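Values quoted throughout were computed directly from the atomic coordinates according to the rules given, and no laboratory measurement underlies them. Here the structure is a predicted model, which is why all the values come from computation and not from measurement. Ideal geometry is used to build each Cβ from the backbone, glycine not excepted, and the neighbour counts take in all protein chains shown.
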Amino acid sequence: MRNQKTHSLHFLTHASKEAGSWPFYQNMKRPDVRVSVFGNSVSLQYPHRVWLYLIGWPRLLVSGFRLARKSLAALDSDAIITVHDHILLLAYKLARLFSRNARRYTLKLVLHGFIYTPRSSALLNKVRGLYFRMLLKNVAMIVCHSKYETPALEKLIDHTKTLVEPVHYGIGEGDVIKEWYRGFAAAQKDDVASPQFSIVTAGRSSRDYATLVAAVEKMPGNVTCDIICDNIVTAPSQLSSDKVTIHRSVYGAAYTQMLIGANAIAIPLGEGEISAGQMVLLHALAAAKPALITETPTSCEYVEPGRLIKLVPPHDVAAMQNALEDIRSQLPLTFTQRLELRQLFEDRFSDAAHSRAVFNSYQKHLF
């Protein structure tokens, strides 16, 4: 593909049918780069994980097969094919077996945003490892979101054929935060003092909500903590207290609205070696909110500790309480303080920043 003047990029995603209009994909375009996006929207919001396996994943596979067929039918040159989950990769490889275009052109497959999480069962780890080694054969590049994820991924690949490329996670801020920010930037007002200190936390992967709840319980005064988590194992009901509310079914706009309404965002992590918490952290920065996150190799790679961003040791109730108290002591924040948090998001973690980093990786290794 190095001798071609025009490069063709295909993206397959289950994020949205309208994903092609998103800044990430729009920013991948160049005069000599053609971008085609094949998107669908498949909900994976199930009350129990077993339904994800029995219903969600089969739906993803069927949808992915349809997207793959559209992509393959649209080929008219060599192309880089980027898929955004491993089931889409499986669907594309299956669909490729029945495509003439797949045999006519050179295709470079990229798996974007893959996180390989070990399981506690040795047998399950062995089976999953075998599955991913087979699936990742002849994949040109895996884009992960932290350099600390690369050792686990490199055990699954043939280094002569596949590159693992760490690129910081980036997000589209969504309509709710985008609309809020327009008003925030236009008004340029400092925050108003509130008698209540409200904390919001969210996520189901590698969370240590017990430590956060214990810290909140020790804080004096009017303190509330909202836990947004639909996984009963991660956030069991016994964590509830007078200061804590667990929300099982808050998604999308309702979730981001809760972030906007909070005084601070907390991301307590349990497993230091697993890449987790980035999405909630980035949503907090997009909403210009002070954030607390457990200190792990990955979180240290994303942010540095400061007055409004706190990194605390894992499983340390006292440290978490002290960090939250320090944030509370600085409230209400000025417009300038919050703008600094927002600027960090725009410079490093926005869709535009993420697409630039991904494009640079493609240009360096795949063009």
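Taking only Cα atoms, what is the 0 to 90° angle, nearest 10, from helix 209-218's long axis to the longest principal axis of the chain?
20
Rounded to the nearest 500, what is the 222 nm mean residue ellipticity of the chain from helices alone, with -39500 (n - 2.57) per DSSP H run of 4+ residues and division by all residues?
My calculation for the chain gives -12000 deg cm²/dmol from helical runs alone.
Which of the pairs Lys93/Lys126; Lys155/Lys364; Lys17/Lys70; Lys189/Lys243 have their Cα atoms more than 25 Å apart in this structure?
Violating the 25 Å Cα-Cα cut-off are Lys189/Lys243.
What list do you get for Asp230, Asp175 if you sort them by fewest beta carbons within 10 Å?
With the fewest neighbours first, Asp230, Asp175 line up as Asp175, Asp230.
Classify the range 259-367: rounded, prolate or oblate, from the alpha-carbon gyration tensor (a ≥ b ≥ c, eigenvalue square roots; a/c under 1.5 rounded; otherwise prolate if a/b is larger than b/c)?
It is oblate, given that a/c is not under 1.5 and a/b is not larger than b/c.
Measure nothing fancy, just the Cα-based angle from helix 317-329's long axis to the longest principal axis of the chain, in degrees from 0 to 90, nearest 10.
80
How about the range 69-129: which chymotrypsin sites (Phe, Trp or Tyr not before Pro) there are in a DSSP loop, with at most 12 other Cβ atoms within 10 Å of their Cβ?
Phe98
Please state, to two decimals, what the Cα-based radius of gyration of the range 29-141 comes to when divided by 2.2 N^0.38 Å (N = residues).
Relative to the 2.2 N^0.38 Å estimate, the range 29-141 comes out at 1.18.
Which of Ala91, Ala262, Ala253 moves the most in a Gaussian network model of the chain with Cα springs under 10 Å?
With Cα springs under 10 Å in the chain, the top fluctuation among Ala91, Ala262, Ala253 is at Ala253.
By how many degrees, 0 to 90 and rounded to 10, does the Cα axis of helix 86-96 deviate from the longest principal axis of the chain?
Rounded to the nearest ten degrees, it is 10.
Dividing the Cα convex hull volume of the range 266-329 by residue count, how many Å³ per residue is that?
Hull volume over Cα atoms, normalised by residue count, gives 68 Å³.
Based on the alpha-carbon gyration tensor of the range 101-230 and its eigenvalue square roots a ≥ b ≥ c, which shape applies: rounded if a/c is under 1.5, prolate if not and a/b is larger than b/c, or oblate?
Judged from the Cα gyration tensor, the range 101-230 comes out oblate (a/c at least 1.5, b/c at or above a/b).
Taking Cα extents along the principal axes in Å as the quantity of interest, determine which of (1) 106, 43, 42; (2) 70, 44, 37; (3) 68, 51, 32 was computed from the displayed structure.
Step by step, Cα extents along the principal axes in Å for this structure corresponds to label (3).
For the residues Ile265, Ile81, what sequence is obtained by ranking on other C-beta atoms within 10 Å, fewest first?
The fewest-first ordering by Cβ neighbours comes to Ile265, Ile81.
Can you give the Kirkwood hydrodynamic radius of the range 174-348 from its Cα pairs, in Å with one decimal?
Evaluated over the range 174-348, this radius sits at 16.1 Å.
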